[in-house]
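Report on the following structure.
The values are calculated or read from the model by the stated rules, or taken from the named source; none is laboratory data. A quick note: this is a predicted structure, and the numbers were derived from the prediction, not measured. Cβ sites come from the backbone with ideal geometry, for glycine too, and all protein chains shown count toward neighbours. SASA here: full protein model, heavy atoms, side chains in, ligands and nucleic acids out. Shrake-Rupley method; radii C 1.70, N 1.55, O 1.52, S 1.80 Å.
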Amino acid sequence: MAIVIGSNFGYTVLAAVGITLQCLATAMSVTGARKKYNVNYPDNGGGRYSDKVSDEDWVAFNNIKRTSDNYLEQVGMVLVALVLAGLYQPKLAASFGATYMLGRFAYARGYVAGGADKRIYGAPIMGVSFLALVITAGYNAVTTTILA
């Protein structure tokens, strides 16, 4: 079976662009936190510059940094799964992508406001959305190749 990329694939592209912009905004928040808490480059929160900030500011900076790091750790896998699922079911994939973004937003807001314990509000939403993308891509790949 040939995969025909129809106009509905634009929904998948919009979701991918949204995820990319959200990831960029999360990374940019670290730049703002560096200035606010005076943690200069190349310090990632555990070096000489961070030794000069209060414990409270160190935790606040690292909560922001960790949300960005976590996004960067996952964004590649999420975008690949989104595009692969979108080749078969673009609107469904885009809806899972949008749900992932909502989960990612809740994760970051919780983590920044209350530390690692508060990320729980968004983590399950992100996890289920990502798993749904992987299952959608895998299922469609198997049914159009092995089971075809």
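Summary of computed values
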| read-out | value |
| --- | --- |
| Segment 8-53, residues that are of a type in the set (S, T, N, Q), more than 15 Å from the chain's Cα centre (by Cα) and open to solvent by less than 70 Å² (accessible area, probe 1.4 Å) | Asn8, Thr12, Thr31, Asn40, Ser50 |
| Which listed residue, of Ala132, Ala108, is part of a helix (DSSP H, G or I), under 27 Å from Val30 (Cβ atoms) and aliphatic (A, V, I, L, M) | Ala108 |
| Selection within segment 128-148 - of a type in the set (Gly, Ala, Ser), in contact (Cβ under 8 Å) with a residue 12 or more places away in the chain and out of contact with any Phe, Trp or Tyr (no Cβ under 9 Å at 6 or more places or on another chain) | Ala148 |
| Given (1) among the polar types (S, T, N, Q); (2) over 15 Å from the mean Cα position of the chain (by Cα); (3) more than 13 Å from Thr12 (Cβ to Cβ), number of the condition Thr136 does not satisfy | (3) |
| Residue check, Arg66 under 19 Å from Gly32 (Cβ atoms), open to solvent by 50 Å² or more (accessible area, probe 1.4 Å) and assigned to a helix (DSSP H, G or I) | yes |
